[in-house]
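Working notes for the structure below.
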Amino acid sequence: MGLLSQLFPGGVWVDASVIVELQDQFGASVRDQAISGGCQLLLERGYDASHYAEMAKIKGTRPAMRHADIATVVLARKCGGICLSSDAAVRKTCTERGIPIAGQLGCLRACVQQRLLTKTDADQLLDLFVRNGLYLPRNAVDEFLRGS
C-alpha cells in the first residue's frame, strides 16, 4: 500500500462496491490497512444520470462484469484518472473507451521510473505476486523481467 500512496499521493478514488469486494477477499480490516500504509481511499458517491447510463451500457455489452469493475471504469473516466485493474474485461472495456489503464505491471514500471523501487525490487515483487496467485500471461511477465 505504501507504493500506491507514493504513486498516487492525492489518494485513490474507489466506488463503495470496490471496498466491499476487497473486504470479502482480504478481510474487514483492508481499509484500515490501506490507511495505515498511507494509501488514502477516496469514496465516490457523486454519480449523476450519465454515469449510471454508462454503467448500464457497459453491463449490456459485458453482462458478466461485476458492478465493482463497471464502477471502476466509469469512475476512472469521471475523475479523468487511470483505471487500476488487471481484470481482462476491465482492460478491454477501458481500451475500447479510451480510458488509461494500469495493472500490476504498469504500477511496477511507474515505481521503477519514479525511482520508488529498483528494477530488482520490482522483479522480486512481481515474483511474489505470481507466487501468491496473480495470473499474468507468461510472455508479459518475461517481458517485464527482461526490462522491455
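The values are calculated or read from the model by the stated rules, or taken from the named source; none is laboratory data. Note that the coordinates shown come from a computational prediction; the quantities given were computed from them, not determined experimentally. With ideal geometry, Cβ positions are generated from the backbone for all residues, glycine too; neighbour counts draw on all protein chains shown. Accessible surface is based on the protein model in full, side chains and every heavy atom, while ligands, DNA and RNA are left aside. Shrake-Rupley method; radii C 1.70, N 1.55, O 1.52, S 1.80 Å.
Observations on the structure shown:
- Those residues of the range 87-131 which are among the acidic types (Asp, Glu) and within 15 Å of residue 143 (Cα to Cα), in sequence order: 123, 127
- Residue 115 passes every criterion in (1) touching a Phe, Trp or Tyr at 6+ places or on another chain (Cβ under 9 Å); (2) at positive phi apart from (1).
- In the range 1-30, residue farthest from residue 108 (Cα to Cα) [restricted to those that are open to solvent by less than 90 Å² (accessible area, probe 1.4 Å), out of contact with any Lys or Arg (no Cβ under 9 Å at 6 or more places or on another chain) and in a helix (DSSP H, G or I)]: 20
- Scope the range 103-148; condition in contact (Cβ under 8 Å) with a residue 60 or more places away in the chain and either surrounded by 12 or more Cβ atoms within 10 Å (Cβ to Cβ) or aliphatic (A, V, I, L, M) (or both); matching residues: 107, 110, 111, 116, 117
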